[in-house]
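Worksheet: one structure, shown below.
The values are calculated or read from the model by the stated rules, or taken from the named source; none is laboratory data. Note that the structure is a prediction, hence the values are computed from the model and not measured. Methodologically, a virtual Cβ is constructed for each residue, glycine included, from the backbone with ideal geometry; neighbour enumeration extends over all protein chains shown.
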Amino acid sequence: MVKNPPVLAHFKRGRETEVHVDASLSGFGGVLIQRDEENKERVIEFASRRVSETEMNLHSNDLECSAAHWLITIRFRIYLYGLDFFTLITDNWTVAHLNVKRTINRKYARWIIELQEFNFKVKHRKGSQNVVADALSRQFDSEVVAMAIVVTKDKRLQLLQQQDNECVSIMKIIQDTPRTKSERKTCEQFQKCNGILCHKADVNGRLKTRIVIPQSLRETVLELVHDRSGHGDYKRTYAKLAERYYWKGFSVDLKSYVSSCEVCQRMNAKTSKATGLMTSRKAPETPFEAVSVDHFGPLECINGFKYVIVLVEHTTRYMICKPQKSTKSAEFIRFMEEEVVTRFGSPLVLISDRGTCFTSFETYEYFEKNGITHSTSPPYFPESNGLAERAVKTIKDTIRRQLDGCANWKSQLNRTVYAINTIFNSSIGYAPFELLFGFKRRIDNELLIGSVVENISRIDQIEEMRRNRIQASSNLKKSQEKQEKTYNEKRSDANFEIGDKVLFTT
């Protein structure tokens with residue numbers, strides 16, 4: 001209420017002018033402000049009006065735009081028409097971008113055309129700072145119910161309750177004499193206040209009388225208490241909703257609305273681990289049935305070579321690497337032919353990322369020719385090709401230690417890969433070289449100290465290799481189970497059904 005004189009100032013052309021606007025379900029509100037010589041805000045005029053029956057059906061964004069159109073073209077036109085420039089202040093992003101909308105309907109097109117008479121810019125301001133226009137947009141009834149429920153003068157809420165089956169059935173019960181225990185309980189919980197159906201309940205230790213919201217208004221109420229109230233989390237939004245409004249199952253609807261809010265999903269920082277459980281690929285029993293491949297580089301160019309291709313065999317974890325001049329398909333195919341296919345045979349499955357050399361038509365034809373099934377990792381998720389990713393990291397770390405000041409990484413690559421293949425692998429419990437070929441290699445300069453040579457027949461070697469592979473398979477399975485348990489410890493499974501809407505981020 002305006003109390004302190006002098007309240008209003010005379011309008012003077014040439015001063016900085018602002019129009020503050022806001023809209024609610026009940027009305028439009030606005031303030032015309034100018035800044036004086038001391039840069040103080042001086043109110044020229046306040047304005048507000050009810051929304052019409054037609055405007056009641058508008059979306060909140062449309063209401064805000066309609067309010068801005070009304071204030072500029074009608075209510076404050078006498079002041080604003082012919083001004084060189086003024087600023088429109090709003091707390092709604094749709095109004096803030098009204099003049100730059102790419103796709104508009106007829107209604108917006110008419111508003112924009114009529115606003116072309118005026119030269120202004122739109123400035124967004126948080127709702128908490130747009131208090132004057134916000135207060136003017138909320139027209140309160142002069143009659144306040146004793147239970148502290150404010151009922152607006154318009155009949156929209158009452159009409160919608162009378163058209164809602166759930167509200168109608170409750171009103172019939174409370175208007176008649178209750179006959180059953182259930183009806184008596186309904187009469188205790190519900191009452192009509194100024195023709196509006198309300199619900200009584202204990203909220204945080206206080207008896208609250210809340211408006212019963214019909215089905216047709218629930219989406220609007222959820223938008224008011226969440227979208228237009230700072231996008232609070234479920235608990236904060238629930239507290240705001242529960243003390244004002246009620247409908248059966250509102251907590252479930254609210255939880256679904258908040259959890260599916262696109263703005264919250266995109267903007268809120270994640271405080272929990274990603275949804276979805278880890279599942280490991282089953283390792284094949286025969287070597288070179290499945291392999292993973294990847295590139296890394298560019299490195300310092302040595303004789304034209306600046307990339308390294310890495311291939312890891314799944315059963316034994318045996319690694320094959322080769323320096324390359326590029327990551328083109330032709331070089332990848334040459335590597336497969338010379339280092340894999342002609343030595344160990346064609347793998348049944350090859351896993352890679354979505355690099356061009358792995359997905360080109362030339363590579364596709366090569367896979368088809370050799371009966372290789374190609375499996376790619378999902379976009380932006382290299383962890384799904386974890387075996388190759390881990391191998392790349394191991395090579396980088398090992399070759400960095402092997403260089404010892406030498407800049408020629410290419411000369412050290414074969415020795416680095418040999419060292420990795422002949423050392424103990426914790427996942428399988430054996431060295432990859434031993435598991436693949438059935439015997440152990442001597443370490444460098446081993447004869448300087450001396451070594452024991454076991455006198456074992458080739459048949460016994462083969463039998464031992466077979467037992468070792470069975471044990472390695474068991475070790476690998478236990479290692480994967482342990483890894484899954486650790487990864488999934490604080491994660492929930494993602495249960496999606498056909499038709500569910502999901503947020504996909506990249």
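Yes or no, residue by residue, for (1) in a loop (DSSP other than H, G, I, E, B); (2) at pLDDT 80 or above; (3) in contact with a Gly (Cβ under 8 Å, 6 or more places away or on another chain):
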{"position": "Gly450", "(1), (2), (3)": "yes, no, no"}
{"position": "Ile462", "(1), (2), (3)": "no, no, yes"}
{"position": "Gln471", "(1), (2), (3)": "no, yes, yes"}
{"position": "Gln480", "(1), (2), (3)": "no, no, no"}
{"position": "Tyr487", "(1), (2), (3)": "no, no, no"}
{"position": "Asp493", "(1), (2), (3)": "yes, no, yes"}
{"position": "Val502", "(1), (2), (3)": "yes, no, no"}
{"position": "Thr505", "(1), (2), (3)": "yes, no, no"}
- Query: Is one or more of the residues making up the stretch 363-372 more than 28 Å from Gly304 (Cα to Cα) and in contact (Cβ under 8 Å) with a residue 40 or more places away in the chain?
  - Reply: no
- Consider Leu207 carefully, then state whether it is in the same structural domain as Gln189 (by the TED database), surrounded by fewer than 13 Cβ atoms within 10 Å (Cβ to Cβ) and modelled with pLDDT under 85. yes
- In the stretch 106-118, is there at least one residue being among the aromatic types (Phe, Trp, Tyr) and more than 18 Å from Phe28 (Cα to Cα)? yes
- Across the stretch 45-95, which residue is modelled with the lowest pLDDT among those that are assigned to a helix (DSSP H, G or I) and small (Gly, Ala, Ser)? Ser60
- Query: Is it the case that some residue within the stretch 349-358 is at pLDDT below 90 and either part of a strand (DSSP E or B) or surrounded by 20 or more Cβ atoms within 10 Å (Cβ to Cβ) (or both)?
  - Reply: yes
- Query: Wholly within the stretch 233-326, which helices (runs of 4 or more DSSP H) include no fewer than the required count, namely at least 3 residues that are modelled with pLDDT of 85 or more?
  - Reply: 234-242, 250-259
- Message: Can you say whether Arg400 is basic (Lys, Arg) and either surrounded by 13 or more Cβ atoms within 10 Å (Cβ to Cβ) or in contact with a Cys (Cβ under 7 Å, 6 or more places away or on another chain) (or both), as far as the supplied structure shows?
- Response: no
- Query: Out of (1) among the aromatic types (Phe, Trp, Tyr); (2) at pLDDT 85 or above; (3) not in a helix (DSSP H, G or I), what's the single condition that is false for Phe439?
  - Reply: (2)
